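The values are calculated or read from the model by the stated rules, or taken from the named source; none is laboratory data. The structure displayed is predicted, hence computed values, not measured ones. Neighbour counts are summed over all protein chains in view; Cβ atoms, including those assigned to glycine, are modelled from backbone coordinates with ideal geometry. These accessible areas exclude ligands, DNA and RNA; they are computed on the full protein's heavy atoms, side chains included. Shrake-Rupley method; radii C 1.70, N 1.55, O 1.52, S 1.80 Å.
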Amino acid sequence: MNDFIWECRTKVRFGKGCVKEHLAGFVKEFALPGRNIMIGYGSGSVKRNGAYDDVVNVLESLGYRRDGNASEGSLIVEFPGIMSNPTLAKMKEGAELAAQMDAGLIIGIGGGSVMDCCKAISVQAGYDGDAWEDFWIQGKPMTHNVIPCGVVVTMPATGSEVNGCAVLTNEDTRIKTDRDYPEMNPVFALMDPSYTLTMPLRQLRAGTFDILSHIMETYFSYPVEDNPSDDVAEGLMRGLVRDFRAAVADPADYRARSNIMWAASLAENRIIKTGKTKDFQAHNMEHQLSAYTDCNHGEGLAVIHPVYYRHICRDGLGKFVRFAERVWDLDRKNYDSDEDFALAGVEELASLIKETGLPTTLRELGFGSEEYEMLPEIAESCFISQGAFRPLTTEEILDIYKECW
Ligand code: NZQ
Ligand code: ZN
């Protein structure tokens, strides 16, 4: 194993009814005394799946009020409208509100976009400087007091509930990027799979593919020798493929849906990243597509992954061979060479994408001639992963985008 540090400060409570059962205890444990509580959410799905009501009912039972007096420290401050692919401007708006209303706990209710935005708000609200510049761009140490932030998850995908990562889009510079600080880990995560049952099929597909992508981006990186991180990753990928198929066939399958929810966290609580260099080049390429076009994260990844892996398969041949064998149950005897065998594993991935109804080309993502013309500029703006089996050049990224067309 390579050397590593592993820690996860997030307290997780998982299961039906967990908000009713555990939120009050977490508020008592983490809310800064005498201060208000801010709840952040998106465009309203949380009001249809019950998560919003469950949170507000618990807060009201503790004496917090939506129309209360801010100076008494008992107000529920609402911050709605956090969009998918949250912008820096939205984060700053939330941070100003949190500071102005003296928030002593921020609760994000929603998917990755809401969680990321609320985590970033908790960093900026208590900070005198420009958090984007100092932390997201320069990566300076975080030494100020971050407002505690907890999350109620309604969509499994990013794993943001159990890590210190938050992805923001700066619309002015067209940079979409993540930063990962232990200080940004949510203090608690409440995960009730029944909230996720209202997700449209499109989000179910996109979110589940994002989870698979997180595991693959970690698995396909150094070291390639046997190690526990990759052993766990293989098991997670096999199980996720099984549950993905089951959930698409029957979206009401609670077993599959709850498995997927926990798989999202296991993929991103850093356990399978221990000792790995981590690639995330497909993510870098998708983030910039999203920065320019606002496309859906999981769908963009589904288009990019098979094309990218056909490019780098020979550079990490041993690992791609294991992927074909252990994740897809292919038999080496049926192939002439390791290369053919490894590529067959990548084609199994491509088949899964098609079978589950995800987009397979940029055109299916809705890109037209205007977006096509932008591809060279988007390729130019991509970060190049140094954790990959082979770092790409800008020219090759453009080739990959064009092959995705
Ligand atoms: O706006 P609302 O009402 O919340 O609706 C959302 C949104 O329209 C909806 N939704 C969520 N839960 C639902 C639901 N609809 C019905 N029923 C439910 N139970 O789903 C839509 C998508 O939500 P969003 O939060 O945008 O999706 P996701 O969880 O995929 O998050 C995407 C963002 O996370 C970033 C992505 O780049 C993107 O900005 N990522 C964050 C990471 C992290 N923090 O570690 C890592 C990832 O790789 C990723 O980059
Ligand atoms: Zn992702």
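Taking the numbered list (1) assigned by TED's automatic domain parsing to the domain that holds Asn145; (2) more than 16 Å from ligand 2 (Cβ to nearest atom) in turn, Asp3 passes all entries but (1).
Give the residue, chosen from Lys11, Lys90, that is among the basic types (Lys, Arg) and away from ligand 1 (no atom under 16 Å from the Cβ).
Details: Lys90 fails: away from ligand 1 (no atom under 16 Å from the Cβ).
The match here is Lys11.
In the set Asp102, Asp116, only one residue is charged (D, E, K, R), under 20 Å from the mean Cα position of the chain (by Cα) and open to solvent by 10 Å² or more (accessible area, probe 1.4 Å); that residue is Asp116. Note on the range 166-175: among residues that are open to solvent by 10 Å² or more (accessible area, probe 1.4 Å), under 13 Å from Pro86 (Cα atoms) and of a type outside the set (S, T, N, Q), the one that is nearest to ligand 1 (Cβ to nearest atom) is Val167. Considering the range 42-75, and only residues there that are of a type in the set (Ser, Thr, Tyr) and either free of Cβ contacts under 8 Å to residues at least 60 places away in the same chain or open to solvent by less than 40 Å² (accessible area, probe 1.4 Å) (or both), the residue that is nearest to Leu197 (Cα to Cα) turns out to be Tyr52.
Can you find a residue in the range 242-258 that is surrounded by fewer than 17 Cβ atoms within 10 Å (Cβ to Cβ), outside the structural domain of Thr158 (by TED's automatic domain parsing) and of a type in the set (Ser, Thr, Tyr)?
Scanning the range 242-258, I find at least one residue that is surrounded by fewer than 17 Cβ atoms within 10 Å (Cβ to Cβ), outside the structural domain of Thr158 (by TED's automatic domain parsing) and of a type in the set (Ser, Thr, Tyr), so the answer is yes.
Which members of the range 249-272 meet the condition of being of a type in the set (D, E, K, R) and touching a residue at least 40 places away in the same chain (Cβ under 8 Å)? Write out each step before concluding.
Residues of the range 249-272 that are of a type in the set (D, E, K, R), as a first pass: 250, 253, 255, 257, 268, 270.
Within the range 249-272, Arg257, Glu268, Arg270 qualify.
Of all residue pairs spaced 6 or more apart or on separate chains, those with beta-carbon atoms under 7 Å, a first member in the range 209-228 that is assigned by TED's automatic domain parsing to the domain that holds Glu268 and a second member that is of a type in the set (Val, Ile, Thr) and part of a loop (DSSP other than H, G, I, E, B) are Asp210/Thr158; Ser221/Thr277; Tyr222/Thr277. Evaluated against (1) open to solvent by 40 Å² or more (accessible area, probe 1.4 Å); (2) among the hydroxyl-bearing types (Ser, Thr, Tyr); (3) outside any loop (DSSP other than H, G, I, E, B), Thr277 falls short on exactly one condition, (3).
Right, Leu23: over 20 Å from Gly110 (Cβ atoms), buried (at least 16 other Cβ atoms within 10 Å of the Cβ) and either touching a strand residue (DSSP E or B) at 6+ places or on another chain (Cβ under 6 Å) or touching a residue at least 60 places away in the same chain (Cβ under 8 Å) (or both) or not?
no
Residues that are within 10 Å of ligand 1 (Cβ to nearest atom) and open to solvent by 10 Å² or more (accessible area, probe 1.4 Å) within the range 177-193 comprise Thr177, Asp178, Arg179, Asp180, listed in sequence order.
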